[in-house]
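J.: Take a look at the following structure, please.
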Amino acid sequence: MTESKTKVAIAQSCDHPGAKPLPARVCGVDTRTRLEKTLAKRGFEVVGETEAEIMVPPCRAYAKDEELSVCTDGLARVERQLVLALRKDVDGKVAKYLNRNISGWVTRMIMGTSIRPNHTTLFTIVLGIASGFVIALGGESLGAYWAGVIGATLLQAQSVLDGVDGELSRLKFQGSKLGEWLDTVSDDLSNLSFFGGATYVATETWLQTIGTAGIGTFVVMQAILYYLLATVFKSGNLQVFQWDVGSDEGLFARIEWMFKRDFFCLLFLVLALVDRLEIAVVIFSVGTIISFATLVLQLARGGTAALK
């Protein structure tokens, strides 16, 4: 038996004293359409006034648990709070304190344009792929050091702007399965390009061997994950996987932010700046091999159910 939803209707006008005319759009979305979609996402059934149990003024907006009014709070504050509410609880510390501040600003700048989330994802793919090509081919013209710094900067830019597509999709209700897959592919192509370039220019044979092993392992691991995403989870979002890394109260839970991609991309930039890009190759390769071993053990112990 399905649980009945609370029926709400959107009033024709605001009842606030001295209410100003509603803006046509809030964060790039028609004001009434935004409210209808938000109410539906929050579990309400939007109906006509004669059927409604609750009436909602058309100036209402919701930023997570905060109820706002365009009439009394003003459009600028409402839009600011809606953008701030896009931050995720699962963000790592680098994403929380650095990346989201930049990506949120970019999102706010372009939310009123016709730019869609997938457009920004394609742009980040270009940035990520360019990072490896700059490292691999830029040494002759830029010098190995500056090629590494610019390549790592492009990877960090990809990591920062990688948040814009998700922010736009949630803000403008433009999420899609294609967008999920493009976002995942963006990160993976960026990783492969960056470390492919760094391995290509490595002068030591042992470093080339480690880098090649890491890249090969990464390709195999992601191929398995992509297969599971497509056939089991029916999603393009890698965050649906639950990695077996200990309890929520254990040591790993306290340092988990250090194992997230946002932290590593910034770390790799720092390593490039101090001319130690080879350490980044080792970290990537060792981390990938450990992750692959963890995945295989989880699947061996409990099959795909162990990842849910």
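The values are calculated or read from the model by the stated rules, or taken from the named source; none is laboratory data. This is a predicted model, so every value here is computed, not measured. Reconstructed Cβ throughout: ideal geometry from the backbone, glycine too, with neighbour counts over all protein chains shown. Side chains are part of the model used for accessible areas, which takes the heavy atoms of the whole protein and leaves out ligands, DNA and RNA. Shrake-Rupley method; radii C 1.70, N 1.55, O 1.52, S 1.80 Å.
J.: Among the residues of segment 184-206, is there at least one that is open to solvent by 50 Å² or more (accessible area, probe 1.4 Å), farther than 20 Å from Gln239 by Cα and among the polar types (S, T, N, Q)?
T.: yes
J.: Could you please tell me which pairs satisfy a Cβ distance under 7 Å, a separation of 6+ or placement on different chains, a first residue in segment 123-141 that is farther than 16 Å from Cys265 by Cα, and a second residue that is of a type in the set (S, T, N, Q)?
T.: As it stands, the answer is Phe133/Ser193, since those pairs meet every condition given.
J.: Condition first: assigned to a helix (DSSP H, G or I) and open to solvent by 50 Å² or more (accessible area, probe 1.4 Å). Now tell me which residues in segment 19-32 satisfy that.
T.: Passing the criteria: only Arg32.
J.: For segment 184-206, give me each residue that is touching a residue at least 40 places away in the same chain (Cβ under 8 Å) and over 22 Å from Thr153 (Cα atoms).
T.: At the first step, the residues of segment 184-206 found to be touching a residue at least 40 places away in the same chain (Cβ under 8 Å) are 184-187, 189-202, 204.
Within segment 184-206, Glu204 is the sole residue that qualifies.
J.: Still on this model: In segment 235-272, how many are modelled with pLDDT of 95 or more, surrounded by fewer than 15 Cβ atoms within 10 Å (Cβ to Cβ) and touching a Ser or Thr at 6+ places or on another chain (Cβ under 9 Å)?
T.: Matching residues across segment 235-272 total 0.
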